[in-house]
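Everything on this sheet refers to the single structure shown next.
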Amino acid sequence: MTGVLALKYRPETFDDVIGNQDVIEVLKNQMSGSGQPLSHSILLHGPTGCGKTTIGRIIARTLGAEGGDLQEVDSADFRGVDTIRDIRKQSRYKPLGSSCRVWILDEVHRLTNDAQSALLKELEDTASHVYYILCTTDPQKLLPTIRGRCASFQVRTLTEKEMKKLLLKVVKREGESLDKDVYEQIVQDSMGHPRNALQILAQVLAVDDDKRLKVAKRSAEKQSQIIELCRGLIGGAPWPKISTILKGLKQEDPEQIRRAVLGYCQTVLLNDPNDQVASVMQEFIEPFYNSGHPGLVLACYSVLYAEE
Ligand SMILES: Nc1ncnc2c1ncn2[C@@H]1O[C@H](COP(=O)(O)OP(=O)(O)O)[C@@H](O)[C@H]1O
Ligand SMILES: [Mg+2]
């Protein structure tokens with residue numbers, strides 16, 4: 001339910017995309033023929049919920065790929081070499097009705113090593129009617145040779161001003177209005193991630209006017225507890241401190257916490273190489289879908305106490 005606004009307001013054209021104007025500018029130029037031609041292997045990387053998949057789809061649509069000529073593969077679900085072999089086979093055929101065929105490989109860092117090697121081969125000899133768009137939060141997990149093969153675009157979090165613009169736009173289209181302090185609160189909570197912001201906004205709009213600031217603040221509290229957790233893990237805080245934070249987060253979805261921790265760490269890591277941050281990410285890289293809260297607690301404990 002909370003993803004409703006994010007889906008409803010997914011940008012459909014380059015001009016709808018908020019922030020990331022450097023990326024949009026280059027793509028628009030290349031696709032209108034005024035820049036250098038668009039590469040047939042494109043890598044979109046950056047934090048979660050900031051527009052990678054969205055921009056990938058806009059590129060595909062602008063290239064004119066539709067119907068069966070546009071394929072989206074979630075590499076987290078189809079990780080093996082068979083997936084790539086299958087794509088290689090299909091890609092030899094001419095487009096069905098469009099002028100080209102496009103494969104969007106989402107979460108592409110999840111491909112196995114074998115699959116990545118097979119993908120590299122395909123990228124090295126892509127047919128002229130085929131484009132590959134690779135999306136990932138973890139480009140460092142790709143073979144360097146894959147990265148080298150692609151035209152790379154870094155998608156970034158939004159500034160506070162850009163986030164405000166997004167929120168104003170969605171609130172207006174929803175026929176709603178919000179107090180200034182509620183906007184400010186959501187901007188703070190979202191930490192620059194549009195998907196995050198729209199999820200909080202959906203929760204805020206679901207309640208009456210007088211409760212909205214409270215709902216936004218609750219989400220801020222959760223957010224700040226998660227930030228505390230990140231700081232504690234990175235700084236090697238004593239276990240009682242970590243366990244207190246974990247108890248406070250008991251009602252929250254461990255998967256959401258996991259992703260928030262990864263997002264925070266990624267931002268830290270991109271600004272400053274730091275082994276402890278990398279080892280936090282290591283423990284948080286696999287989903288807690290099955291393990292739930294115990295998985296979260298164990299991951300935190302392992303960060304602090306695991307043997308090398
Ligand atoms: N730059 C942006 N401008 C406007 N909305 C955005 C932007 N980035 C993300 N969104 C919103 O967040 C949702 C998730 O974006 P998505 O492209 O799936 O993120 P990613 O693939 O980077 O995780 C979109 O459906 C859209 O509503
Ligand atoms: Mg995505």
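Figures for the structure shown
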read-out: Contact order normalised by residue count of the chain, Cα under 8 Å, 6+ apart, percent; value: 18 percent
read-out: Full-stretch length increase - Arg92, Ala220 - with 0.36 nm per residue and alpha-carbon distance subtracted; value: 41.1 nm
read-out: Over the chain: helical MRE at 222 nm, DSSP H runs n ≥ 4 each giving -39500 (n - 2.57), nearest 500; value: -17500 deg cm²/dmol
read-out: Cβ-placed point charges (K, R +1; D, E -1), dipole of the stretch 20-154 about Cα centre in debye, nearest 20; value: 240 debye
read-out: Order by protection proxy (mean Cβ within 10 Å, highest first), peptides 84-91, 153-160, 192-199; value: 192-199, 153-160, 84-91
read-out: Listed residues Ser99, Leu166, Leu43: farthest to the positive end of the dipole of the chain (Cβ charges); value: Ser99
read-out: Highest-fluctuation residue, Gln282, Gln225, Gln266 considered, GNM on the chain with Cα pairs under 10 Å; value: Gln282
read-out: Cβ-derived FRET efficiency at R0 41 Å, Asp74 paired with Ser32, nearest 0.05; value: 0.85
read-out: Size of electric dipole in the chain: Cβ of Lys, Arg +1 and of Asp, Glu -1, about Cα centre, debye, nearest 20; value: 400 debye
read-out: Alpha-carbon centroid distance for the pair the stretch 6-60 / the stretch 96-146, whole angstrom; value: 17 Å
read-out: Within a Gaussian network of the chain (alpha carbon springs, distance under 10 Å), most fluctuating of Thr244, Thr126, Thr62; value: Thr244
read-out: Packing rank of 96-102, 127-133, where each peptide gets the mean count of other beta carbons within 10 Å, highest leading; value: 127-133, 96-102
read-out: Shape call, the chain: gyration tensor on alpha carbons, a/c limit 1.5; value: oblate
read-out: The stretch 44-112: C-alpha gyration tensor shape, a/c 1.5 cut-off, then a/b vs b/c; value: oblate
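No value in this document is a laboratory result; all are computed from the given coordinates. Predicted model only: the values in this text are computed from it and were never measured. We place every Cβ from the backbone using ideal geometry, glycine too, and count neighbours over all the protein chains shown.
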